[in-house]
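No value in this document is a laboratory result; all are computed from the given coordinates. Source: prediction; values computed, not measured. Virtual Cβ from ideal backbone geometry, glycine too; neighbours counted across all protein chains shown.
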Amino acid sequence: MRITFWGVRGSIPAPGPETNRYGGNTSCVSIRTRTDELIIIDMGTGLMHLGNKLVKGEFGRGQGVATVLLSHCHWDHIQGFPFFPVVFIPGNRFNVYGNAKSSSMLEGILEGQMNPHFSPIYTLKNLGATIDFHAVEHGEPFEASGVRIRARPNPHGVTTALAFRVEEAGKSFVYASDVGYPDSGPSAEMLELYRGADLLLHDCTYTIDDQMTRRNRGFSSYADAASVAVTAQAKHLIMFHYDQDYSDDKVDALRDECRKELDRLGGESIGLTAAAEGTSIDL
Amino acid sequence: MRVRFWGVRGSIPVPGPQTNRYGGNTSCVEVRPKGATPIIIDAGTGIRKLGKLFMQSEFGDGRGVAHLLISHTHWDHIQGLPFFSPLYQQGNELHLFARQRNDMHLRAIFESQTEDPYFPVPMSTLKADIRFHELVEGQRFDIGRAKITCTRLNHPWIAMAYRIDVDGAAMVYASDTAPFTDILLEQEFIREPPILGEPIDPAKLAKLEVMRSGLVHLCRGADLLIYDTQFTQKEYCSRPHWGHSTPDDAIAIAREAGVATLALYHHAQWRSDDQQDEILHDYRAKTIGEPFELIAAHEGMELILGDDD
Ligand SMILES: [Zn+2]
Ligand SMILES: [Zn+2]
Ligand SMILES: [Zn+2]
């Protein structure tokens with residue numbers, strides 16, 4: 001599979017020259033499977049830019065099908081949806097999986113985003129594409145876009161965010177953004193989900209100091225991410241969801257610190273990438 | 001007064017090197033009457049950095065007062081509000097003004113922006129004192145020495161234009177609006193755009209003409225007019241029902257109202273800096289000899305109107 005980053009920023013888009021290299025768009029990652037199927041994880045503003053690419057292919061002709069995995073529905077993970085050009089094209093089909101008690105509750109959350117007070121779209125019914133909603137069963141494997149997926153909820157401030165494990169042909173990619181662990185660290189169940197991942201994308205919102213003073217927000221520091229990668233014996237760690245106030249230079253420094261932390265914890269063999277908008281990793 | 005642009009982009013923030021010069025943040029303008037507390041127009045993502053700056057003044061000690069005029073509650077005009085730092089400081093006061101709606105109180109509309117599961121901090125728990133003021137079209141009110149007037153615009157779900165008169169000068173903010181010729185935009189959703197050039201329902205046309213003359217009246221003699229010019233002519237023709245104008249529409253209003261400076265604003269999300277330069281360049285050539293100056297708003301642009309210290 002090929003993983004591509006369309007938005008790597010947390011909380012709110014951060015335009016400006018100081019974010020040009022890593023990018024200022026909010027969370028959105030795509031996966032192209034070996035059979036060329038498409039999986040989208042989270043729908044931050046990066047989704048618009050993915051959509052602008054998709055329009056040129058089968059999605060532009062109304063023949064596209066994609067799986068959408070939603071970690072949770074904070075604005076920075078859904079705000080690109082009304083600007084996803086291919087969702088207006090009849091014939092396209094999207095299967096949206098998210099964290100809700102029922103599929104209709106998940107639909108209701110995205111419907112609220114289109115409310116006429118806030119959006120000129122008024123209702124999801126005005127989107128041309130066919131959208132099916134699925135409430136994810138925690139821990140239960142399911143098949144989508146021809147690959148095996150499992151999801152479990154992580155603590156995220158006063159709420160939870162799903163982490164996803166996507167497996168294809170013996171390779172595994174884990175997406176774990178927006179997570180603030182208790183002092184005891186990730187639960188055994190979460191570590192089981194992360195275990196041995198070839199690629200572990202992990203929330204890396206903060207420096208250690210910023211994480212300490214903002215613990216209630218439910219995000220991780222680079223040190224939390226490094227510790228999780230070592231404990232779960234991940235092969236490669238991807239840093240993601242940088243604070244909106246962090247410049248490119250600061251993210252560079254975060255990556256260097258994260259490398260040191262991995263090494264200090266005995267994870268010298270674990271690869272490290274700070275996710276940057278527009279780049280891809282092949283697995 | 002001083003007018004400063006913090007967000008000039010329409011619809012959705014667009015980070016990236018192609019927007020470095022004009023800026024990728026959504027709508028937010030700061031108006032600072034001489035020696036007075038700030039008036040902010042719209043709370044797009046641009047308000048985040050304005051809030052940080054405010055925190056270095058009396059807002060940092062919880063002694064700040066700001067007035068916020070909201071054109072309408074589409075995401076790109078309110079999405080920065082939960083990231084406006086002064087709201088997290090006890091003692092600060094924010095007066096929020098927006099058009100009254102039939103179905104919901106203003107407070108409920110804004111509270112639903114931050115409710116579970118969309119945002120982790122509910123507005124009701126913010127430490128600052130937020131007071132809501134509902135407006136009707138044509139209402140006049142004062143903020144300190146500043147005189148505020150407003151009129152409605154042609155936009156889905158209806159937006160308000162504001163005029164601020166203070167320090168011997170006047171500025172008008174007119175975003176978002178479609179021109180007043182092809183389609184009447186109000187509460188209902190319009191699926192298919194009209195065929196441009198076909199005659200429209202006389203009752204609707206009459207309503208549009210009233211709206212337009214209300215706007216020209218609001219802009220009369222203003223030193224600065226900030227206008228939604230999201231579209232090129234070609235873009236407008238395929239999207240007349242989206243509720244945005246072209247520079248030609250703004251120029252016609254500026255000319256009729258006799259404004260001194262017209263600022264192109266609410267730039268399309270797909271517009272690069274170079275393309276925006278080109279638009280400005282082309283329209284400057286077309287408006288040679290007009291009695292107003294044409295500019296294109298960019299993040300960080302500051303204009304001084306009338307008396308200033
Ligand atoms: Zn997030
Ligand atoms: Zn707008
Ligand atoms: Zn609007």
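For the pair A:ARG93 and B:GLU188, what calculated FRET efficiency results from E = 1/(1 + (r/R0)^6), where r is the Cβ-Cβ distance and R0 = 41 Å, to the nearest 0.05? After rounding to 0.05, the efficiency reads 0.90.
Please find, in a Gaussian network model of chain B (springs between Cα atoms separated by less than 10 Å), the residue of B:SER57, B:SER245, B:SER11 whose mean-square fluctuation is greatest. Fluctuation is largest for B:SER57. DSSP bridge analysis restricted to chain A gives an antiparallel fraction near 50%, rounded to the nearest 5. A simple charge model with +1 on the Cβ of Lys and Arg, -1 on the Cβ of Asp and Glu and nothing else charged puts the dipole of region A:97-146 at about 240 debye relative to its Cα centre.
Remark: B:HIS77, A:HIS236, B:HIS67 ranked as A:HIS236, B:HIS67, B:HIS77, counting other beta-carbon atoms within 10 Å and listing the fewest first.
Just checking the listed ones, B:ALA178, B:ALA296, B:ALA108: in the Gaussian network model of chain B with Cα springs under 10 Å, the one fluctuating most is B:ALA108. Which of rounded, prolate, oblate describes region B:1-120, given a ≥ b ≥ c as roots of the alpha-carbon gyration tensor eigenvalues and a/c under 1.5 marking rounded, otherwise prolate only if a/b is larger than b/c? Rounded.
Normalised by 2.2 N^0.38 Å, where N counts its residues, the alpha-carbon radius of gyration of the protein assembly as shown equals 0.98.
Here each label is just a point 7 Å from Cα along the line to Cβ, and for A:ARG34 and A:LYS235 those points are 1.3 nm apart. Sorting A:MET1, A:MET212 from the fewest to the most surrounding beta carbons within 10 angstrom yields A:MET212, A:MET1.
Of all DSSP-defined beta bridges confined to the protein assembly as shown, some 50% are antiparallel rather than parallel.
Taking 0.36 nm per residue of separation and subtracting the Cα-Cα distance, full extension of the segment from B:GLU290 to B:GLN275 would add 3.1 nm.
With a 10 Å cut-off between alpha carbons and a GNM built on chain B, which of B:SER85, B:SER124, B:SER272 moves the most? Looking only at B:SER85, B:SER124, B:SER272, the largest GNM fluctuation is found for B:SER124. A simple charge model with +1 on the Cβ of Lys and Arg, -1 on the Cβ of Asp and Glu and nothing else charged puts the dipole of the protein assembly as shown at about 320 debye relative to its Cα centre.
If a spin label sat at a point 7 angstrom from the Cα of A:LYS101 along the line to its beta carbon, the backbone N atoms of region B:76-116 nearer than 20 Å would be those of B:115-116. Between A:ALA253 and A:ASP282, the distance separating the two model label sites (each 7 Å from Cα on the Cα→Cβ line) works out to 3.6 nm. Taking a ≥ b ≥ c as the square roots of the eigenvalues of the Cα gyration tensor of region B:244-287, is the shape rounded (a/c under 1.5), prolate (a/b larger than b/c) or oblate? Judged from the Cα gyration tensor, region B:244-287 comes out prolate (a/c at least 1.5, a/b above b/c). Expressed per residue, the C-alpha convex hull volume of chain A stands at 122 Å³. Here the spin labels are modelled as points 7 Å beyond Cα on the Cα-Cβ line, and at A:GLU111 and A:GLU18 they lie 4.2 nm apart. Considering helices alone, the calculated mean residue ellipticity of chain B at 222 nm is -6500 deg cm²/dmol, with DSSP H runs of length four and up weighted by -39500 (n - 2.57) and normalised per residue. Charges were assigned to the Cβ only: +1 to each Lys and Arg, -1 to each Asp and Glu. The resulting dipole of chain B about its Cα centre is roughly 420 debye.
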